Amino acid sequence: MPGKSKKSGDGQRILVAEDEGLIAIELEQILENLGYRVVGALSGVDDVLRNAESGGFDGALLDINLRGRQIFEILPKLKTLGLKLIITSGYDDLTLFPSAFRAVPRIAKPFDERELRRVCEAVFGKPPAKRRRASSGRAS
């Protein structure tokens, strides 16, 4: 079913929504090293919504600001689709987020790989052990 995860921990399809190319590549690599199946990176709000509506992924790491547009404008729709979401931001001040979205799991940039793993496992579930690879423990 589009936008729905199969079951927790089954290697669900994870999207990276990030408009900074190097950060997107780094996130994809970290997620793959952790054992998640990354379905690609998108850098625009409309692209994220279009892919979500077509069932392109089960969960996403979403940068707040994508090319000058805030992800908050589509978060209600993404949640309605049943997607598992994590917000990423260079700002860790919760008061900068609209109150309706303060409970959405988030991780601050620069990323600490252990914290990223913890948050991803809490939100997306643990990936299958056979897909996990060794990781370095930190990221920028």
- Query: Which cross-chain or sequence-distant (5 or more) residues have an amide H under 5 Å from the amide H of VAL38, H modelled 1.01 Å from N in plane?
  - Reply: ILE14
- Gain upon complete extension [ALA103, LEU22; 0.36 nm per residue less C-alpha separation]: 26.4 nm
- Mean shadow area of segment 13-126, taken as a quarter of the surface of its Cα convex hull (nm²): 6.2
- Take every Cα pair under 8 Å in segment 13-126 that's 6+ residues apart, average their separations, divide by the length, and report that relative contact order as a whole percent. 23
- Message: Roughly how far apart, in whole Å, are the Cα centres of segment 27-53 and segment 67-132?
- Response: 12
- Query: From the backbone phi of segment 42-56, what are the Karplus-calculated ³J(HN,Hα) couplings (6.51 cos²θ - 1.76 cosθ + 1.60, θ = phi - 60°) in whole Hz, Gly and Pro given as x?
  - Reply: 10, 10, x, 4, 5, 5, 4, 4, 4, 5, 5, 5, 8, x, x
- Around ARG106, which amide H atoms from residues at least 5 apart in sequence, or from another chain, sit under 5 Å from its own amide H, with H modelled in the peptide plane? ILE87
- Item | Per-peptide average of other Cβ atoms within 10 Å, ordering 49-57, 32-40 highest first | 32-40, 49-57
- As a percent rounded to 5, the proportion of antiparallel DSSP bridges among beta bridges in segment 13-126 is 10
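No value in this document is a laboratory result; all are computed from the given coordinates. What you are looking at is a predicted structure, and each value in this text was computed from that prediction instead of being measured. We place every Cβ from the backbone using ideal geometry, glycine too, and count neighbours over all the protein chains shown.
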